[in-house]
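Remarks on the structure that follows.
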Amino acid sequence: MKELVSVVVSCYNEEEVIPIFYDEIKKIAKKMDYVNFEFLFVDDGSKDKTLNIIKDLSKDDSRVKYISFSRNFGKEAAMNAGLSYSKGDYVVVMDADLQDPPKYLIDMYNYLKDGYDVTATRRITRKGEPMVRSFFSKMWYKLIDKMSDTEMVDGARDFRMMRRKVVDAILSLSEYNRYSKGIFSFVGFKTKWISYENVKRAAGKTKWSFWQLFKYALDGMTSFSTAPLLLASLFGILFCFIALIAIIFVIIRTLIYGDPVGGWPSLVCIILLVGGIQLLCIGTIGRYLSKVYLETKKRPIYIVDETNQD
Ligand code: UDP
Ligand code: MG
C-alpha cells in the first residue's frame, strides 16, 4: 500500500488562482508517484466562484475533496478544518496562491522519510512586499520572540508537511483563538527548516489589510504571551516609586519654603500621563479577558456547509 499525502489548501475568493494551483500540484503529484495524494480544498466562505471551480475539479479527479464553510471564518479556521478532515499519513498545509511553491513537496517528503516529523518553511526575503509591512513584521517577530516562551521564527510560513502524530497533536489543542504560528511551535517535534525567497502571488489579491495584520499580530501576542500583563504591574511599581519620591520632595519643600499655590499645569500633565497609562493597562487586561470570554463560550471554530470528504 502506498502512503497517503493530504494537501490542505485554504481558499477565500481564489477563483483566479485555483486552476493554476491545481495544474501545478497535479504535476508534482505525478512526479511523486510513489505516494497517493488527496487535495483537500477548504472554501472559507468565498463569495466568488471558488467553490464551483473546486466542485468541477472534483468531478474529474477523485483526489479532489472540498469542505465549504457556511461563512468566512478566517484562514486559521480553514486550516484547522483541513487538518481534522485530512486522512493522510502526511499532511501538507499550503496557500492557494502559489506563494508556497509545490515543487518543495518532494524535498519536504524526503526529509520526513529521513526521520524528521515536520518540514517547515520560512522565507528569507520579503521581496515584493510593501516596505512598511516588512519593517513592522521584522520588529514584531523580534518582540514576540522575546516576550513569549514559545519560539517564534521570523519569516516562518504556514507551509509545512507533518506526520500524522503532529497533526493529531495540533488538533488536540482545542482553543478557539487559534494563532497557528504559535501552535505549530508549541507542539514541537523534530523539525527541519527549509528557506526560500519570497514568491509573488500567482494571481488575485492579498486578503490582508494592514489593519487586519495589526489585529492578527495582537492576537498572536495575547495567545502566546502574558508579558503585557507583567508590563502593567511594572508600570504600577514604577509610578508608586516616583510618587513616593515626589511626596517626600513636596513635604520637605513645604517645611522649608511654606506652601505657595502654583504648578497646576504640571499637575494636569501628571494626571493625564497616569490616567493614560491606567487606561492602557486596563485595555491590556481587557484583551485577555475578552479572550477568556470567547473561550468559555466554546463556540465551534468553523461550521461546515457541505463537503465530499466522508
Ligand atoms: N485565506 C482564507 N481565509 C481568509 C483569508 C485568506 O482561507 O479569510 C487564504 C487565502 O485564500 C490564501 C491564504 O489564506 O490561500 C493566504 O492568503 P493571502 O495570500 O491573501 O495572504 P498573504 O499571502 O498575502 O499573507
Ligand atoms: Mg499569499
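The values are calculated or read from the model by the stated rules, or taken from the named source; none is laboratory data. Remember, it's a predicted structure, so these values are computed and weren't measured experimentally. Cβ atoms come from the backbone with ideal geometry, glycine included; neighbour counts cover every protein chain shown.
Might you let me know whether the stretch 64-71 holds any residue that is under 26 Å from residue 120 (Cβ atoms), among the charged types (D, E, K, R) and assigned to a strand (DSSP E or B)? Yes; the residues of the stretch 64-71 include at least one that is under 26 Å from residue 120 (Cβ atoms), among the charged types (D, E, K, R) and assigned to a strand (DSSP E or B). Under 34 Å from the mean Cα position of the chain (by Cα), within 30 Å of residue 107 (Cβ to Cβ) and within 16 Å of ligand 2 (Cβ to nearest atom), is that true of residue 200? In short, yes.
Name the residue that is nearest to residue 16 (Cα to Cα), counting only residues in the stretch 98-113 that are buried (at least 18 other Cβ atoms within 10 Å of the Cβ) and within 16 Å of ligand 2 (Cβ to nearest atom). Out of the qualifying residues, it is 98. Only one of the listed residues (180, 174) is loosely packed, with under 13 Cβ neighbours inside 10 Å and modelled with pLDDT under 85. That residue is 174. Residues that are crowded, with 18+ Cβ neighbours inside 10 Å and β-branched (Val, Ile, Thr) within the stretch 114-149 comprise 118, 119, 121, 144, listed in sequence order. Please verify whether the stretch 1-19 includes one or more residues that are farther than 26 Å from residue 199 by Cα, free of Cβ contacts under 8 Å to residues at least 24 places away in the same chain and hydrophobic (A, V, I, L, M, F, W, C). There is at least one residue in the stretch 1-19 that is farther than 26 Å from residue 199 by Cα, free of Cβ contacts under 8 Å to residues at least 24 places away in the same chain and hydrophobic (A, V, I, L, M, F, W, C). When 170, 237, 242 are checked against the criterion of being among the hydrophobic types (A, V, I, L, M, F, W, C) and within 18 Å of the chain's Cα centre (by Cα), a single residue qualifies: 170. Residues that are buried (at least 21 other Cβ atoms within 10 Å of the Cβ) and in contact with a Lys or Arg (Cβ under 8 Å, 6 or more places away or on another chain) occur at least once in the stretch 63-70.
The number of residues in the stretch 184-199 that are closer than 30 Å to residue 23 by Cα, surrounded by fewer than 16 Cβ atoms within 10 Å (Cβ to Cβ), more than 10 Å from ligand 1 (Cβ to nearest atom) and not hydrophobic (A, V, I, L, M, F, W, C) comes to 2. Is one or more of the residues making up the stretch 255-267 part of a helix (DSSP H, G or I) and acidic (Asp, Glu)? No; the residues of the stretch 255-267 include none that is part of a helix (DSSP H, G or I) and acidic (Asp, Glu). Has the stretch 213-235 got any residue that is without any contact (Cβ under 8 Å) to a residue 40 or more places away in the chain and in contact with a Cys (Cβ under 9 Å, 6 or more places away or on another chain)? Yes, the conditions are met somewhere in the stretch 213-235.
Only one entry in 273, 213 is of a type outside the set (Ser, Thr, Tyr) and within 16 Å of ligand 2 (Cβ to nearest atom), namely 213. When the stretch 164-197 is filtered for residues that are within 16 Å of ligand 2 (Cβ to nearest atom) and either aromatic (Phe, Trp, Tyr) or farther than 13 Å from residue 79 by Cα (or both), the ones remaining, listed by number, are 196, 197. Can you tell me which residue is surrounded by the fewest Cβ atoms within 10 Å (Cβ to Cβ) among those in the stretch 18-46 that are β-branched (Val, Ile, Thr) and within 16 Å of ligand 2 (Cβ to nearest atom)? Among residues in the stretch 18-46 that are β-branched (Val, Ile, Thr) and within 16 Å of ligand 2 (Cβ to nearest atom), the one surrounded by the fewest Cβ atoms within 10 Å (Cβ to Cβ) is 20.
Take residue 45 and tell me if it is near ligand 1 (Cβ under 10 Å from one of its atoms), within 24 Å of the chain's Cα centre (by Cα) and either modelled with pLDDT under 90 or on the phi > 0 side of the Ramachandran plot (or both). So residue 45 fits the description; yes. Residue-level check: of (1) under 20 Å from the mean Cα position of the chain (by Cα); (2) touching a residue at least 40 places away in the same chain (Cβ under 8 Å), residue 74 misses just (2).
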